[in-house]
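Have a look at the structure below, then the notes.
The values are calculated or read from the model by the stated rules, or taken from the named source; none is laboratory data. As the structure is a computational prediction, the values presented were derived from the model and not from experiment. Reconstructed Cβ throughout: ideal geometry from the backbone, glycine too, with neighbour counts over all protein chains shown. Just the protein is used for accessible areas: all its heavy atoms, side chains included, with ligands, DNA and RNA removed. Shrake-Rupley method; radii C 1.70, N 1.55, O 1.52, S 1.80 Å.
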Amino acid sequence: QWSYVALVIQPTQATIYLINSSGTQTAANVLAHDAEIFGSAWHIGNDAQDGGNAGRTFPGSIADVSVYLSALSGSQLTALYNAGVGVVPPVTLYIAPTGTGSVTLTWSQGSLLQATNVAGPWTPTSAASPYTVGTTNANTFFKVLVQ
């Protein structure tokens, strides 16, 4: 089973995350953590404190190791996991009146499509979010395409 493991170290705690198809599990070590020089005492997949007998070495494969300059949140880690397994997060298209006879459309990702009939045909627009649409006498329908 493919799993995503992340260790987030902050000054007051370290939290390990295990994310896979069974969900997310976390464990926190709540104590002060000092700053370390990058790469000086780091071990990924083993522990030098086991007396050199390799008894605390991970018995699997490790791929795509990343180090970030700031602590990532649980939702950011979940987004990275979802990107790794190809899960596209849902997109909501928000429509808000501007008070001047137009509306503003806002969406988080993807391309805006429009049509004069809800059944289509749908035409791509070059609009970026947020996009303000003036009122017309014609029906106009919008949807967002995420590929």
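A few points about this structure:
- Ranking by accessible area, most exposed first, for TRP42, TRP107 with a 1.4 Å probe: TRP42, TRP107
- Angle in degrees between helix 74-85 and the longest Cα principal axis of the chain, rounded to the nearest 10: 80 degrees
- Taking every Cα-Cα distance in the range 20-147 and sorting them into 5 Å bins from zero, the calculated P(r) comes out as 2, 7, 11, 13, 13, 10, 8, 8, 7, 7, 5, 5, 3, 1, 1, 0 percent.
- Rounded to 0.05, the FRET efficiency of the THR100 and ALA79 pair, given R0 = 30 Å and the Cβ-Cβ distance, is 0.25.
- Prolate/oblate/rounded call for the range 1-48, Cα gyration tensor, a/c under 1.5 rounded: oblate
- With the simple model of a label 7 Å out from the Cα in the direction of the Cβ, VAL91 to SER21 spans 2.7 nm.
- These residues, TYR17, TYR68, go from largest to smallest accessible area, 1.4 Å probe, as TYR68, TYR17.
- Accessible heavy-atom area order of ASP47, ASP34, ASP64, highest first, probe of 1.4 Å: ASP64, ASP34, ASP47
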